[in-house]
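What follows is a short report on a single structure.
The values are calculated or read from the model by the stated rules, or taken from the named source; none is laboratory data. What you are looking at is a predicted structure, and each value in this text was computed from that prediction instead of being measured. Counting neighbours? That spans all protein chains shown, and the Cβs are built from the backbone with ideal geometry, glycine included. Heavy atoms of the whole protein, side chains included, go into the accessibility calculation; ligands, DNA and RNA do not. Shrake-Rupley method; radii C 1.70, N 1.55, O 1.52, S 1.80 Å.
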Amino acid sequence: MDVAAQRMTHIASPAPDADLQARFQAQRRAFAADSFPDAATRRDRLERIKRLVEENEQRFASAICADFGNRSRHETMIAETFFVLAGISHTRRHLAGWMKKRRVGTSFHSLPGRSWILPQPLGVVGVVSPWNYPLQLALAPAVAALAAGNRVMIKPSEITPRLSQLLAELVGAAFRPDECTVLTGDAELGKAFVRLPFDHLFFTGSTAVGRQVALAAAANLTPVTLELGGKSPAIVDDSADLADSAHKIAAGKLFNAGQTCIAPDYVLVPAGKQQAFADAYAQAVGELYPTLERNPDYTSIVNGRHHARLQTLIDDARAAGARVIEVNPGGEPQEPAARRMRPHLLLQVDSAMAVMREEIFGPLLPVVPYDTAAQALAFVNERPRPLALYWFGRERSRAEQVLRATISGGVTINDVLLHIAQENLPFGGVGDSGIGAYHGEWGFRLFSKEKPVFEQSRLARTAMLRPPFGAKASSVVKALKRLL
């Protein structure tokens, strides 16, 4: 079978369990035959991903748009295709340096021996990607795993079937199935996928499903990276420019209609400034999205189930006494079939409301007042550790206090979302918001075994510390202790 025909054999969707096992075993065999691919091979694989994305950018945007009902093409360009291409560019520039063995110091008692660390591929990596950024969150981990020299299997979300099928077809045409492969199918296939004995399993999704993935992986002692979510706070300090802060928070909250794991989930503002913030936020929404219903820049909620869930959060909060402000800049009538959920602000919320207990994942923003900075920090720290935290203000000492007093996956100061776009920063959660981190060198290291190596010198005198022990060994140990 020629290479082109071999590549095309694994496009079928959905993949039955037998096909799943066959592809996994093929990747296992291929890795055993070439367990340390050279830099040229790894760059070639990255180049194929790069061409795949560049040549099909509009097809990806159309598929994602169709899956959502409407997905801003600019949002897809910024957060999906550009994001992946930037990661590939950074990785290609630094790959040779990352692959080199790193000399490290040798303990004085083992001199003149030498020590170093050799980054070694793990084997076969599984990637389970979600629906909210279906291209970025499938390919960015795959890029890191391929750069580290691994084989990769990807299971994209069934909630975005058009994108998943297109990705399977294009990856199938660009890669042999024993290099990189995409398997499309429903939740049952996903369950079978995470039960495979991968050398590393990478999952992006909800905390609830992440727990199930970790349990499935534990049966094989498969190491996992879990990129989850949670309720990421934005803290507006008393020293902040309220209008500027509200504008940036609105832009970040409404990007992808709030269907972003690091979107600001709620905002803490100084007591007495809730209404001023709400007014500034509503004005910002009008500037960003003068209309909503047929605005190509404003993304739909992905499906009816998620839209209904968000409406339930609003109804629950209103029934429990929250003041709900719907922002509709153009005064348009609702078109339910379009699923363009209006931005909502929720004031006078309390911790018992579902909107304050569950990750929102939509364009709803609770506004919570605080009296002192210590009270704001306590509010954050009483809750599970978030994936992201945002702070707005001009007092550097207060920013430092927030950084030291809170634990979160990442932080952006005086803006939102942008820490995820820094290739030299690790991205990942902590506690309920995730395990492990990737991006840039952090991703390369995540999918590598950093093998420690010690090489003994022929001048070594370790024979003095071998049996039969006697007075000489005792004197040598005493001498070494004095040098500690």
_I'm checking my understanding of the structure. Among residues of region 391-441 that are among the hydroxyl-bearing types (Ser, Thr, Tyr) and part of a helix (DSSP H, G or I), which one is nearest to PHE361 (Cα to Cα)?_
SER433
_Cβ pairs under 7 Å, 6+ apart, first in region 371-387 and under 17 Å from GLY429 (Cα atoms) and in a loop (DSSP other than H, G, I, E, B), second open to solvent by less than 20 Å² (accessible area, probe 1.4 Å) and of a type in the set (Val, Ile, Thr)_ = LEU387/ILE262
*Taking PRO369 as meeting all but one of (1) out of contact with any helix residue (DSSP H, G or I) (no Cβ under 9 Å at 6 or more places or on another chain); (2) open to solvent by 50 Å² or more (accessible area, probe 1.4 Å); (3) closer than 24 Å to ALA322 by Cβ; (4) not charged (D, E, K, R), write down the number of the exception.*
(1)
_Close pairs from region 311-338: first without any contact (Cβ under 8 Å) to a residue 40 or more places away in the chain, partner among the aliphatic types (A, V, I, L, M) and open to solvent by 40 Å² or more (accessible area, probe 1.4 Å), Cβ under 8 Å, at least 6 apart_ = ALA320/ALA352
*Residues of region 242-261 classified as in contact with a Gly (Cβ under 9 Å, 6 or more places away or on another chain) and more than 19 Å from ASN295 (Cα to Cα), total*: 3
*Taking the options ALA96, ALA40, ALA61, name whichever one is free of Cβ contacts under 8 Å to residues at least 24 places away in the same chain, out of contact with any Pro (no Cβ under 7 Å at 6 or more places or on another chain) and either of a type in the set (Lys, Arg) or more than 25 Å from ILE159 (Cβ to Cβ) (or both).*
ALA40
*Given the structure, is SER475 exposed (fewer than 15 other Cβ atoms within 10 Å of the Cβ) and either assigned to a helix (DSSP H, G or I) or of a type outside the set (Phe, Trp, Tyr) (or both)?*
yes
*Which members of region 164-194 meet the condition of being over 19 Å from TYR133 (Cα atoms), open to solvent by 10 Å² or more (accessible area, probe 1.4 Å) and part of a helix (DSSP H, G or I)?*
ALA173, ALA174, GLU188, LEU189, LYS191, ALA192, VAL194
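Being in a strand (DSSP E or B) and either open to solvent by 30 Å² or more (accessible area, probe 1.4 Å) or closer than 24 Å to PRO134 by Cα (or both) is the filter here, so list the residues in region 220-248 that pass it. If you could, list the steps in order and put the result at the bottom.
From region 220-248, those in a strand (DSSP E or B) are 224-227, 233-236; that's our starting set.
Matches in region 220-248: VAL224, THR225, LEU226, GLU227.
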*Within the bounds of region 195-203, is there any residue that is crowded, with 20+ Cβ neighbours inside 10 Å, within 23 Å of LEU387 (Cα to Cα) and aromatic (Phe, Trp, Tyr)?*
yes
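From the set of residues in region 143-163 that are part of a helix (DSSP H, G or I) and within 18 Å of the chain's Cα centre (by Cα), which is nearest to ILE64 (Cα to Cα)? Show your work before the answer.
Initially, region 143-163 is screened for residues part of a helix (DSSP H, G or I), giving 143-147, 161-163.
Then drop every residue that is not within 18 Å of the chain's Cα centre (by Cα), which leaves 143-147.
On the way: VAL143: 20, ALA144: 23, ALA145: 24, LEU146: 24, ALA147: 26 Å.
In this case the residue turns out to be VAL143.
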*Could you tell me whether region 319-328 includes any residue that is open to solvent by less than 20 Å² (accessible area, probe 1.4 Å) and out of contact with any His (no Cβ under 8 Å at 6 or more places or on another chain)?*
yes
_Subset tally (residues that are more than 18 Å from GLY69 (Cα to Cα) and either outside any helix (DSSP H, G or I) or open to solvent by 60 Å² or more (accessible area, probe 1.4 Å) (or both)) for region 334-358_ = 12
_All positions within region 271-287 that are under 22 Å from LEU377 (Cα atoms) and open to solvent by less than 10 Å² (accessible area, probe 1.4 Å)_ = PHE277, ALA278
*asked:* Take the residues in region 82-121 that are within 27 Å of ALA421 (Cβ to Cβ) and touching a Leu at 6+ places or on another chain (Cβ under 7 Å); name whichever of them is surrounded by the fewest Cβ atoms within 10 Å (Cβ to Cβ).
replied: ARG92
*Number of the condition not met by ASP265 [criteria: (1) touching a residue at least 12 places away in the same chain (Cβ under 8 Å); (2) open to solvent by 60 Å² or more (accessible area, probe 1.4 Å)]*: (2)
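Take ALA217 and decide whether it is in contact (Cβ under 8 Å) with a residue 24 or more places away in the chain and either open to solvent by 10 Å² or more (accessible area, probe 1.4 Å) or of a type outside the set (Phe, Trp, Tyr) (or both).
Working: in contact (Cβ under 8 Å) with a residue 24 or more places away in the chain: no; either open to solvent by 10 Å² or more (accessible area, probe 1.4 Å) or of a type outside the set (Phe, Trp, Tyr) (or both): yes.
When the stated conditions are applied, ALA217 does not pass them.
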*Has region 35-51 got at least one residue that is buried (at least 21 other Cβ atoms within 10 Å of the Cβ) and of a type in the set (Gly, Ala, Ser)?*
no
*asked:* Tell me whether region 4-14 contains one or more residues that are surrounded by 14 or more Cβ atoms within 10 Å (Cβ to Cβ), modelled with pLDDT of 95 or more and either over 30 Å from ARG339 (Cβ atoms) or not hydrophobic (A, V, I, L, M, F, W, C) (or both).
replied: no
*Do any residues in region 101-130 that are touching a residue at least 60 places away in the same chain (Cβ under 8 Å) and of a type in the set (Ser, Thr, Tyr) have Cβ atoms under 9 Å from those of residues that are assigned to a strand (DSSP E or B) and buried (at least 19 other Cβ atoms within 10 Å of the Cβ), where the two are at least six apart or on different chains, and which pairs are they?*
SER129/ILE154; SER129/LYS155; SER129/PHE202; SER129/PHE203; SER129/THR204
